[in-house]
Structures are given as structure tokens and as C-alpha cells.
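The values are calculated or read from the model by the stated rules, or taken from the named source; none is laboratory data. Computed from a prediction, not measured in an experiment: that's the story for all the values here. Using ideal geometry, Cβ is built from the backbone for each residue, glycine included, and neighbour counts are taken over all protein chains shown. When the accessible area is computed, the model is the full protein with side chains, heavy atoms only, and any ligands, DNA or RNA have been set aside. Shrake-Rupley method; radii C 1.70, N 1.55, O 1.52, S 1.80 Å.
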Amino acid sequence: MVKEIMSGNEAIARGAWEAGCSFASAYPGTPSTEIIENLSAIKEISSRWANNEKTALEMAIGASIGGLRSLAAMKHVGLNVAADPLCAVGYTGVNAGLVVVTADDPGCHSSQNEQDNRLYALLAKVALVEPSDSQECKDFIKEAYEISERFDIPVLFRVTTRICHSKGLVELEQPGEMLVKPYQQNRGKYCMLPANARVRHVAREESLVELEKFANTSSLNRFEWGKDRKLGIVTSGISYQYAKEVFGDDASILKLGLTNPMPKALIKEFCTGVDEIYVIEEGEPFIENVVKALGFSCTGKDKVPILGELNASIVRNALVGHKPQDGYSVDVQAPPRPPVLCAGCPHRGFFFSLKKNKKRIVAMGDIGCYSLGVGEPFAGFETTLCMGAGISGTIGFSKALEKQGDPRKVLGMVGDSTFFHSGVTSLIDVIHADANVIACVLDNSITAMTGHQVNAGSNKDVQGYEVPAIDLVALIRGLGVPDERLRVVDPLDLKAVQEAFDAAVAVKGPFVIVTKRPCVLIKEVARANVGRHCQVDPDKCVGCKACTLIACPAMAFKDKKSMVADPASCTACGLCMQMCKFDAISRVGE
Amino acid sequence: MTKNILLVGVGGQGTILMSKVLTAGLAQMGYDIKMSEIHGMSQRGGTVTTQIRYGDKVYAPGIGEQEADVIVSFEKVEALRALPFLKKNGIMITDHHEIYSMPVLTGKAEYPSNALESMAKEVENLYIIPAMEKALELGNVRVQNICLLGVLVKVLKLDAVNWKEMLADFVPQKALDLNKQAFDAGYAMI
């Protein structure tokens with residue numbers, strides 16, 4: 001048997017391939033992104049980066065109804081966007097198997113919250129599968145397709161950051177044949193008008209009863225009886241690994257992998273067989289509530305934190321007790337190292353200019369690399385909620401400020417990918433409301449934060465096929481924004497950005513600014529910049545520190561002079577040159 | 001017996017490549033392995049951490065405080081930041097290379113001048129390795145990671161694997177010789 005070291009995300013992709021999945025769609029979001037990136041390498045599987053998670057899931061539902069085993073993947077907050085189709089397909093069920101991967105992010109490694117999406121399985125009345133490592137990611141995906149087709153139900157496949165981004169050895173099997181389940185018209189099943197939906201609800205409740213019977217016998221849920229039956233641990237997902245780490249192989253464990261519907265008979269049997277019960281799970285008391293509802297008292301969220309990500313130490317400290325302190329400490333502090341905008345990042349010019357205008361412009365942010373503009377020294381915006389809110393939020397916020405006599409104009413910003421995701425509908429609201437706001441699209445030609453995925457503005461898709469690129473500026477014009485209320489500027493041209501702000505503040509009503517410059521980490525851009533960098537002439541530098549105001553990580557201020565300390569990361573973007581009044585900075589390697 | 005290795009550095013320094021080569025080698029030696037790396041926002045110049053655990057059977061992918069047998073740090077203050085994770089009598093391997101974070105560059109925080117001295121007073125097994133300097137000398141800063149791999153292989157006596165041969169699977173052909181040289185240089189450093 002071939003064994004390979006795989007991340008959870010790689011293993012999910014591999015499992016889907018082995019299961020004969022032939023359609024996959026997703027919107028990039030950490031920690032889920034690599035699933036589609038790995039699937040897209042397999043030519044037989046039609047893989048797509050969708051515009052958002054809702055369209056991703058809808059595409060996959062279409063493929064499932066049409067007869068292809070399909071998969072949609074997203075980060076946990078993405079499922080909020082896709083909740084509408086999820087709850088509908090919970091009623092319709094599937095034709096070919098449908099797996100929806102939700103990659104939750106306890107600990108908020110790169111998210112705005114740490115919601116536990118297992119709760120969606122209850123809401124949408126879908127099956128819920130939780131693997132605990134890479135091997136199970138692969139194996140359980142295959143099982144999930146079987147469950148989906150056998151019980152005519154979508155499967156929510158719940159993983160977390162630590163599973164997605166941890167690697168372990170995985171035994172590989174042969175890729176499966178791409179099965180097609182012939183499409184059969186069935187309006188009563190797939191048209192969720194009220195009369196049909198009521199009928200489908202009945203069918204779903206019945207199938208959940210059948211699925212629970214299956215859950216009680218499925219290999220996804222298993223007893224691991226140890227020598228010790230005084231204590232019994234009920235756990236699922238990554239928490240299983242922490243339980244094994246802390247309590248060892250002697251502990252008795254009920255390891256759950258199929259958790260909606262809950263295998264209640266199995267839980268009862270296990271809990272009856274032990275004296276004391278610990279429920280170890282990350283996030284919400286999802287299993288614990290069931291154990292308690294079955295009449296068992298247990299230790300759970302009263303000791304194991306509901307907050308953040310668990311690890312073996314946290315579980316040990318909560319349930320066994322603290323280890324004595326026996327490590328090293330020194331009295332020297334490491335200075336903080338927060339993530340920053342890269343050297344040469346086009347957003348830097350925008351945020352520097354925005355800061356200069358803070359007396360007359362107040363800004364709302366959004367999700368993407370430009371989220372980093374909230375940090376010092378730019379402190380570029382006041383809010384970050386969810387994708388698209390940077391634009392639509394301005395409509396209400398500007399009204400509120402207006403009623404308080406605050407003369408500042410409200411600005412909202414989204415990136416190009418976020419604009420396509422949901423910013424475009426927000427902008428339609430802005431225009432239709434004739435809101436007195438500035439809507440900015442910071443177009444860097446890529447979905448950057450998640451690691452450079454193509455988007456609707458790209459002329460290639462995830463599998464490298466040529467596709468028509470959506471012209472973002474033409475789209476905005478098409479919404480009726482006249483030329484005098486639209487500026488397209490290079491964000492590294494500080495004068496042009498300032499003029500755009502001036503023009504935007506001078507008029508009442510919507511104004512749109514599009515900043516256009518590709519991310520410096522895009523391969524072609526990076527290649528073109530190799531060898532180019534700026535340098536400071538120490539004889540001309542007077543040490544005024546003006547160039548440090550742009551907070552470029554390639555620059556340093558040492559011995560009362562500025563210097564390009566990291567020429568390898570400098571892209572010669574020239575922003576520092578625009579700051580210098582003494583002509584001390586020049587480009588080399590042109 | 002499970003061994004825990006922590007790799008720490010700054011986004012872009014190549015910790016991930018080093019962990020890929022290392023885990024492939026450990027797999028070849030027949031160990032069970034868990035490796036954990038969190039990426040996302042931390043790529044943008046922030047602190048990066050890779051956790052590698054190997055042994056007969058490994059469950060949890062992460063390494064808690066006072067649990068690391070070995071820490072390899074690609075940057076000086078990152079070693080300092082990771083120090084609470086080092087087990088008593090564990091091994092700290094750190095490059096003395098300095099990378100200034102934004103709070104340091106903007107004068108909001110100070111880069112400590114005595115990081116290594118203060119660690120040397122406490123940590124019995126401290127190896128200060130000029131891997132970045134060596135990489136520069138060899139002609140490419142990007143081989144710092146493979147130089148540090150050479151050091152680690154020597155320290156942990158992981159000689160059952162032909163690491164240099166394995167490098168061919170992970171680095172471009174034209175950079176292979178350079179990486180082999182970096183590995184040898186690291187191996188010879190202690």
C-alpha cells in the first residue's frame with residue numbers, strides 16, 4: 001500500500017478523486033483553499049473557483065441533480081453565505097452524492113469568528129461527518145458519498161484548521177471511476193415550492209430516522225474500549241487526537257465520526273458502560289448536549305474551554321491538572337511581529353493617502369489583504385465584518401453620521417475578488433440608494449490573501465483553461481456610474497490617489513474609485529521585479545524619516561539615515577521616492 | 001517515544017520547504033509523523049511556526065509549551081519567542097540572523113541586543129548557527145533552510161537517510177547542487 005504524507009486538505013481532494021467525484025467548486029478561504037487547488041490538478045474532475053460560496057454550492061447542487069458526484073468547499077463563514085442553498089438542498093436531497101466541506105477555524109487563525117458549523121447540520125437537516133486526521137479525511141469522504149446517495153441527503157463534512165493544515169501519512173487507493181447517475185426529471189423533489197417542500201420535509205424527517213439507525217452501526221462511530229472503564233471519553237474530530245494524547249491507549253473512548261443524526265443508542269450503550277463521562281470537543285457543546293439530553297451527567301464545557309482552539313496541553317490542564325513548570329524563561333522580550341503589507345504592495349499607496357485625508361473621510365474595511373491596513377501606522381478603517389460589508393455598510397453609516405452632523409464622507413473598500421464575491425451587489429445598493437459615499441475597489445488582479453487564486457477578473461480558470469475575464473470597470477460603468485463619478489488610478493501614484501479623493505469629497509452622492517495594480521507576489525510580476533530595488537544615497541539622506549511613514553518592511557532607519565535594508569524584497573515600487581523631498585532615493589536594476 | 005521538533009521563522013524564510021524535506025526523510029525511516037503548519041495571514045511577514053512530531057504512533061499534531069525536544073529558529077528573536085516551548089534540556093538551534101518587524105522599524109518596539117546572551121545563560125544546549133551568512137556566501141539566501149536542515153540532521157543523528165539525494169524531489173534541478181552544498185555546510189557546522 002502506497003503511503004504519502006498529506007495535509008487534511010490534500011487528503012480530502014484525494015478522497016473525492018477516489019470516490020469518483022467529478023465536479024468541484026469553492027470560493028477560496030483559509031483553511032479550505034487547498035482542497036480545490038489539489039482537485040484542479042486532476043483533469044477529469046471539473047473544478048471551479050466560484051464567485052462566492054453560495055454560487056459554489058449551487059453549482060455543485062446542479063451537478064449532483066444532473067448526475068455527477070460533486071463537492072463544494074468553503075471556510076466556516078463561507079457557509080453563512082451558502083446557508084440558503086444548503087437549507088434548500090437539505091429538503092430536496094441529491095441525485096449523485098453531494099459533499100459540502102466546511103473548514104472551521106477555532107482560534108481565528110485567519111477569520112473574523114470561530115463559529116462551530118456543526119450546528120448547521122441540525123439547521124439544514126443534513127448528515128454531518130467529522131474526520132480526525134488526514135487518513136480519515138480521505139476515507140470518510142468516500143464514506144460520505146455512500147451515505148449521501150444511500151440516504152438521499154447532502155453530507156456536511158466538517159474539518160478544522162488543525163486538520164486541514166496538519167499532515168500525516170495516508171494510505172492511498174486507486175482513483176475511482178467517474179460514475180454518472182443518469183438525470184431523471186423529478187419536479188416534486190427538486191422544485192421547492194411550498195406544496196412540494198412540505199412533502200420533502202416529511203421525507204427528510206423519515207430519512208433522518210433511518211440514517212440514525214445507520215449511525216449506530218456505521219464504522220464512522222466506534223468504541224475503543226480500554227483497560228479502564230471507570231472513565232469514558234466521548235469525542236469527535238481533532239479532539240479525539242488530543243484525548244488519545246492525554247489519556248493514552250488505556251482510556252475508553254467513543255469516537256464519533258458521523259454526528260448528525262447523533263448515534264443515540266451507541267452513546268447510551270457507551271455511557272452506561274462507564275462510571276464517569278468526559279466529553280471532549282472543540283467549540284460548542286454539540287455532543288455534550290446530546291449526552292445530557294439522554295440523561296447522563298458529564299464533564300464537558302464546564303472544564304474544556306468553549307473559546308479558541310484546543311490542544312493536548314489545554315485538554316490536560318482542564319481535565320487532568322497542570323504540569324509543573326520546568327521550562328526556560330528569560331527576561332528579554334521578543335518584539336511583536338504582526339503580519340504586514342508586503343514590500344511593494346499596491347495597497348500601501350492607497351492607505352498612506354487615505355490616512356492623509358482622515359479629517360474628511362472615515363472608512364469601512366472588508367476582508368482581504370487590505371485588512372492589514374487597519375494596523376499602525378495607517379489605521380486605515382473603522383470596521384471589518386464580512387465580505388461585502390465594506391461597501392454596503394457605508395449606506396447606513398453615512399446616514400447615521402449625517403444625522404449627527406458629522407461632515408466626514410464615508411468610504412468603503414473591497415478588493416477585486418471581494419467585489420465579485422458580494423461587493424457588486426453592495427455597490428448596486430449604493431448606486432440605487434444614491435448614497436453619499438465613496439466606494440473603492442482595490443483591484444490587485446488576484447485573490448491574494450488566500451494565496452493567489454484566480455477570480456472572475458482573470459482570463460484563466462483554476463485548471464488553466466482560457467476563460468473570458470470580467471472587466472470590472474466596464475461592469476461598474478454598466479451599473480450607471482458616470483465618468484465624472486468614477487476614477488481609475490494607480491494606487492502607487494500618490495498624486496493621482498489624492499486627486500481622486502478630492503474629486504470624491506467635492507460631490508454629493510456615490511463616487512467610485514478603482515485602484516488598479518497587480519499584487520507583487522503574482523509570479524509574473526515578481527519575476528519582472530527580480531533585481532530591481534531602490535537605494536538610499538546616504539550623502540543625500542538628511543534623516544527626516546518621511547520615507548518611513550509608508551511603513552515599508554524593506555526599509556530601515558539606522559544611524560540616523562534611511563536605508564533599503566532588504567533589497568531582495570524591495571520591488572522598486574517607488575513609493576519611498578515620492579516621499580523623499582531630497583531626491584535621496586533612486587531605483588537600481590532597471 | 002515521540003520526538004517534537006519546532007521550526008520557527010518569519011513568513012517567506014522557507015520553513016515550510018525544510019519541514020517537507022524533513023518529514024519525507026522521517027517517513028522513509030519508517031516513523032509515524034504528524035506535521036502542523038498554520039498558514040494564511042501569517043504569510044505576510046508575520047511569525048511562522050511548523051510543528052513536527054515523529055515516533056511509533058503520533059496522535060496530536062501540535063506541540064505545547066515545554067514539549068519541544070528541538071527548536072530550529074531561522075531568526076534570532078523568533079528563538080526567544082519560541083523559548084517557552086522548549087523542554088528542559090531540549091536543544092535550541094538558532095540562526096543569529098536578524099529581521100526587523102514593523103513595530104521595530106517604526107520605533108514602537110525595540111529589537112533586543114542581548115537575546116542570544118540571555119538565552120545562553122539559561123539554555124544548556126544552545127547552538128548559534130550562521131546559516132544565513134553561509135547561504136549568502138554560497139550565493140543564495142534561500143538555501144538558509146537547507147543549511148539548517150544539515151545542522152538538525154547532525155544533531156538528531158538522522159543519518160539513515162540520504163538527504164542530499166532526497167533534495168532532488170523538492171528543489172528545482174538548477175538549484176540542486178547549491179542546496180546540497182548548503183546541506184553539507186550545515187552538517188559540518190557542529
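Going through the stretch A:540-551 one residue at a time, which ones are open to solvent by less than 50 Å² (accessible area, probe 1.4 Å), in a loop (DSSP other than H, G, I, E, B) and out of contact with any Lys or Arg (no Cβ under 7 Å at 6 or more places or on another chain)? Give the steps one after another, and end with the answer.
Keep residues of the stretch A:540-551 that are open to solvent by less than 50 Å² (accessible area, probe 1.4 Å), which gives A:541, A:543, A:546-548, A:550-551.
Imposing the further condition that a residue be in a loop (DSSP other than H, G, I, E, B) reduces the set to A:541, A:543, A:551.
Selection gives A:Ala551 alone.
Are there any pairs with C-beta distances below 9 angstrom linking a residue in the stretch A:30-51 that is at negative phi and part of a strand (DSSP E or B) to a residue that is open to solvent by 10 Å² or more (accessible area, probe 1.4 Å) and of a type in the set (Asp, Glu), with the two at least 6 apart or on different chains, and if so which?
A:Ser47/A:Glu37; A:Ser47/A:Asp461; A:Arg48/A:Asp461; A:Trp49/A:Asp461
How many of the residues making up the stretch B:1-30 are more than 11 Å from chain A (Cβ to nearest Cβ) and assigned to a loop (DSSP other than H, G, I, E, B)?
The number of residues fulfilling the criteria is 4.
Quickly run through the stretch A:67-111 and pick out the residues that are within 26 Å of A:Cys191 (Cβ to Cβ), assigned to a strand (DSSP E or B) and not hydroxyl-bearing (Ser, Thr, Tyr).
A:Leu68, A:Leu71, A:Ala72, A:Met74, A:Leu98, A:Val99, A:Val100
If I filter the stretch A:126-142 for residues that are open to solvent by 30 Å² or more (accessible area, probe 1.4 Å), without any contact (Cβ under 8 Å) to a residue 40 or more places away in the chain, within 14 Å of chain B (Cβ to nearest Cβ) and not in a helix (DSSP H, G or I), do I get at least one hit?
Initially, the stretch A:126-142 is screened for residues open to solvent by 30 Å² or more (accessible area, probe 1.4 Å), giving A:133, A:135, A:139, A:142.
From what's left, without any contact (Cβ under 8 Å) to a residue 40 or more places away in the chain: none.
Within the stretch A:126-142, not a single residue is open to solvent by 30 Å² or more (accessible area, probe 1.4 Å), without any contact (Cβ under 8 Å) to a residue 40 or more places away in the chain, within 14 Å of chain B (Cβ to nearest Cβ) and not in a helix (DSSP H, G or I).
Kindly indicate whether A:His421 is more than 14 Å from chain B (Cβ to nearest Cβ), without any contact (Cβ under 8 Å) to a residue 12 or more places away in the chain and not hydrophobic (A, V, I, L, M, F, W, C). Reasoning before the result, please.
Details: more than 14 Å from chain B (Cβ to nearest Cβ): yes; without any contact (Cβ under 8 Å) to a residue 12 or more places away in the chain: no; not hydrophobic (A, V, I, L, M, F, W, C): yes.
In short, no.
Mind checking which residues of the stretch A:362-375 are assigned to a strand (DSSP E or B) and among the small types (Gly, Ala, Ser)? Before you say what the answer is, go through the steps one by one.
Filtering the stretch A:362-375 down to residues assigned to a strand (DSSP E or B) leaves A:362-364.
Hit for the stretch A:362-375 is A:Ala363, nothing else.
Restricting attention to the stretch A:340-375, which residues are in contact with a helix residue (DSSP H, G or I) (Cβ under 9 Å, 6 or more places away or on another chain), open to solvent by 20 Å² or more (accessible area, probe 1.4 Å) and away from chain B (no Cβ under 14 Å)?
Correct list: A:Lys356, A:Arg360.
List, please: which pairs have Cβ atoms under 6 Å, are six or more places apart or on different chains, and start with a residue in the stretch A:1-28 that is without any contact (Cβ under 8 Å) to a residue 40 or more places away in the chain and end with one that is open to solvent by 10 Å² or more (accessible area, probe 1.4 Å)?
Hits for this filter: A:Ala13/A:Asn38.
Scan the stretch A:322-335 and give yes if some residue there is closer than 30 Å to A:Val520 by Cα, in a loop (DSSP other than H, G, I, E, B) and within 14 Å of chain B (Cβ to nearest Cβ), otherwise no. I'd like the intermediate steps shown before the answer.
In the first step, residues of the stretch A:322-335 are kept if they are closer than 30 Å to A:Val520 by Cα; the result is A:334-335.
Pick out the ones that are also in a loop (DSSP other than H, G, I, E, B) and you get A:334-335.
Subsequent filtering for residues that are within 14 Å of chain B (Cβ to nearest Cβ) retains A:334-335.
Yes, the stretch A:322-335 contains at least one residue that is closer than 30 Å to A:Val520 by Cα, in a loop (DSSP other than H, G, I, E, B) and within 14 Å of chain B (Cβ to nearest Cβ).
Conditions tested, residue by residue: (1) modelled with pLDDT of 95 or more; (2) in the same structural domain as A:Asn260 (by TED's automatic domain parsing); (3) within 22 Å of A:Ile446 (Cα to Cα).
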residue	(1), (2), (3)
A:Asn52	yes, no, yes
A:Glu58	yes, no, no
A:Gly66	yes, no, no
A:Leu71	yes, no, no
A:Lys75	yes, no, yes
A:Gly90	yes, no, no
A:Thr102	yes, no, no
A:Ser110	no, no, yes
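Scanning the stretch A:453-476 for residues that are touching a helix residue (DSSP H, G or I) at 6+ places or on another chain (Cβ under 8 Å) and open to solvent by 20 Å² or more (accessible area, probe 1.4 Å), which turns out farthest from A:Glu34 (Cα to Cα)?
A:Leu475
Is at least one residue of the stretch A:255-272 under 30 Å from A:His533 (Cβ atoms) and outside the structural domain of A:Ile153 (by TED's automatic domain parsing)?
Step one: of the stretch A:255-272, the residues under 30 Å from A:His533 (Cβ atoms) are none.
No, that holds for no residue.
In the stretch A:164-188, which residues are out of contact with any strand residue (DSSP E or B) (no Cβ under 7 Å at 6 or more places or on another chain) and under 30 Å from A:Arg204 (Cα atoms)? Break it down into steps so the answer makes sense when it comes.
Quick first cut of the stretch A:164-188, residues out of contact with any strand residue (DSSP E or B) (no Cβ under 7 Å at 6 or more places or on another chain) only: A:173-179, A:181-188.
Residues satisfying the conditions are A:Gly176, A:Glu177, A:Met178, A:Leu179, A:Lys181, A:Pro182, A:Tyr183, A:Gln184, A:Gln185, A:Asn186, A:Arg187, A:Gly188.
Taking only the stretch A:309-358 into account, find how many residues are closer than 30 Å to A:Met555 by Cα and touching a residue at least 40 places away in the same chain (Cβ under 8 Å). Give the derivation first.
Going through the stretch A:309-358, the residues closer than 30 Å to A:Met555 by Cα turn out to be A:330-358.
After this cut, where a residue has to be touching a residue at least 40 places away in the same chain (Cβ under 8 Å) as well, the list is A:340-350, A:352-354, A:356-357.
Selection size over the stretch A:309-358: 16.
Take the residues in the stretch B:63-76 that are assigned to a loop (DSSP other than H, G, I, E, B) and within 21 Å of B:Val153 (Cα to Cα); name whichever of them is farthest from the other protein chains (Cβ to nearest Cβ). Reasoning before the result, please.
Step one: list which residues in the stretch B:63-76 are assigned to a loop (DSSP other than H, G, I, E, B), which gives B:63-67, B:74-75.
When the remaining residues are screened for being within 21 Å of B:Val153 (Cα to Cα), the result is B:63, B:67, B:74-75.
Numbers: B:Ile63: 9, B:Glu67: 7, B:Phe74: 12, B:Glu75: 9 Å.
Checked the stretch B:63-76; the qualifying residue farthest from the other protein chains (Cβ to nearest Cβ) is B:Phe74.
Which helices (runs of 4 or more DSSP H) does the stretch A:157-252 wholly contain that include 2 or more residues that are within 30 Å of B:Met35 (Cα to Cα) and within 14 Å of another protein chain (Cβ to nearest Cβ)? Show your work before the answer.
On the way: elements: A:161-164, A:187-190, A:194-215, A:238-247.
Per the criteria, A:161-164, A:238-247.
In the stretch A:557-587, what residues are surrounded by fewer than 19 Cβ atoms within 10 Å (Cβ to Cβ), modelled with pLDDT of 95 or more and at negative phi?
A:Met577, A:Gln578, A:Lys581, A:Phe582, A:Ser586, A:Arg587 - these are the residues of the stretch A:557-587 that are surrounded by fewer than 19 Cβ atoms within 10 Å (Cβ to Cβ), modelled with pLDDT of 95 or more and at negative phi.
Condition check ((1) open to solvent by 30 Å² or more (accessible area, probe 1.4 Å); (2) not aliphatic (A, V, I, L, M)) across all residues:
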site	(1), (2)
B:Leu138	yes, no
B:Val141	yes, no
B:Gln144	no, yes
B:Gly150	no, yes
B:Leu158	no, no
B:Val161	no, no
B:Gln173	yes, yes
B:Lys180	yes, yes
B:Ala185	no, no
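Among the residues of the stretch B:32-44, is any more than 8 Å from every other protein chain (Cβ to nearest Cβ) and either touching an Asp or Glu at 6+ places or on another chain (Cβ under 7 Å) or open to solvent by 20 Å² or more (accessible area, probe 1.4 Å) (or both)?
Looking only at the stretch B:32-44, we keep the residues that are more than 8 Å from every other protein chain (Cβ to nearest Cβ), and these are none.
No, the stretch B:32-44 contains no residue that is more than 8 Å from every other protein chain (Cβ to nearest Cβ) and either touching an Asp or Glu at 6+ places or on another chain (Cβ under 7 Å) or open to solvent by 20 Å² or more (accessible area, probe 1.4 Å) (or both).
Looking only at the stretch A:170-188, count every residue that is open to solvent by less than 80 Å² (accessible area, probe 1.4 Å), out of contact with any helix residue (DSSP H, G or I) (no Cβ under 6 Å at 6 or more places or on another chain) and closer than 27 Å to A:Ala88 by Cα and tell me the total.
Qualifying residue count, the stretch A:170-188: 3.
If I filter the stretch A:376-398 down to residues being outside any loop (DSSP other than H, G, I, E, B) and among the aliphatic types (A, V, I, L, M), which single residue comes out as most open to solvent (accessible area, probe 1.4 Å)?
Narrowing the stretch A:376-398 to residues outside any loop (DSSP other than H, G, I, E, B): A:389-398.
When the remaining residues are screened for being among the aliphatic types (A, V, I, L, M), the result is A:389, A:391, A:395.
Numbers: A:Ala389: 20, A:Ile391: 5, A:Ile395: 39 Å².
The extreme case among them is A:Ile395.
Report yes if some residue within the stretch B:105-115 is within 9 Å of another protein chain (Cβ to nearest Cβ), among the hydrophobic types (A, V, I, L, M, F, W, C) and within 14 Å of the chain's Cα centre (by Cα); otherwise report no.
No.
Identify, by number, the condition in (1) touching a helix residue (DSSP H, G or I) at 6+ places or on another chain (Cβ under 9 Å); (2) part of a helix (DSSP H, G or I) that A:Glu269 doesn't meet.
(1)
Looking at this structure, is B:Val123 within 14 Å of chain A (Cβ to nearest Cβ), open to solvent by 50 Å² or more (accessible area, probe 1.4 Å) and among the aliphatic types (A, V, I, L, M)?
Working: within 14 Å of chain A (Cβ to nearest Cβ): yes; open to solvent by 50 Å² or more (accessible area, probe 1.4 Å): no; among the aliphatic types (A, V, I, L, M): yes.
The answer is no for B:Val123.
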